Amino acid sequence: MVDDLRSDDGLGGFDGHHHRPARRSDAQRPLADREVPLGQQEQDGRVLAPAVHAWLDGELPEASVRNKGEMARDVEFWKMITVEIDQRRHMRTPVNLEARIMDAIPQTAPQLITPWWRREFVVTPMAAVGAVAGIVALSAAVTAAMMLIAR
């Protein structure tokens, strides 16, 4: 197993993984662009050809892969992904976005929200009268039902 997701770029002690020496292009590429194996099967059940893998790794020229039937579709797909990645890499955040985000952050620390079982229980006089009336009505209904069943 190759562990490319380290921050030391292979310059540290042994961390339990077998490491290969870093290729020259690995050190120059950002961490997000490094290859992460996701398995051999694609979603539609096809296996990506080893030649396409070699082209994606930079080991084969594009011309040697593009001219081979089914692999031409894979090459076009990966070229479109590369174009999209390059476009997104050059996107810039609007200048005022950072200021809008910082303005939306509250200037005071939020108050600690106490759980409902620790909060003060306040009963207003109207709520108490309503609760008592409800209990009286419920008990009267239960008593009436018991009387009907007992006959």
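No lab work stands behind these numbers, since they all come straight from the coordinates. All figures in this text were calculated on a predicted structure; none of them were measured in a lab. Virtual Cβ from ideal backbone geometry, glycine too; neighbours counted across all protein chains shown.
Between the DSSP loop rule and a limit of at most 13 other Cβ atoms within 10 Å, which trypsin sites (Lys or Arg not before Pro) in segment 83-123 are left?
Values: sites: ARG88, ARG89, ARG92, ARG100, ARG118, ARG119; in loops: ARG92, ARG118, ARG119.
Sites meeting the loop and neighbour criteria: ARG92, ARG118, ARG119.
Could you run the Karplus curve 6.51 cos²θ - 1.76 cosθ + 1.60 with θ = phi - 60° over segment 100-115 and give me ³J(HN,Hα) per residue in whole Hz, x for Gly and Pro?
For segment 100-115, the Karplus-derived couplings read 5, 5, 5, 5, 6, 6, x, 7, 10, 6, x, 6, 6, 8, 7, x Hz, x marking Gly and Pro.
Taking the Cα atoms of segment 40-89, what is the range of coordinates along each of the three principal axes, in descending order and whole Å?
Reported extents, whole Å, longest axis first: 29, 26, 17.
Provide the gained length on full extension for the span ALA128 to ALA144, in nm with one decimal, where the gain is 0.36 nm per separating residue minus the Cα-Cα distance.
3.3 nm
Could you give each residue of segment 77-91 its phi-based ³J(HN,Hα) in whole Hz, using Karplus coefficients 6.51, -1.76, 1.60 with θ = phi - 60°, and x for Gly or Pro?
4, 5, 5, 5, 5, 4, 4, 5, 5, 4, 5, 5, 5, 8, 5
For MET147, MET91, what's the fewest-to-most ordering of other Cβ within 10 Å of each Cβ? The partial results should precede the final answer.
Details: MET147 9, MET91 6.
Result, fewest neighbours first: MET91, MET147.
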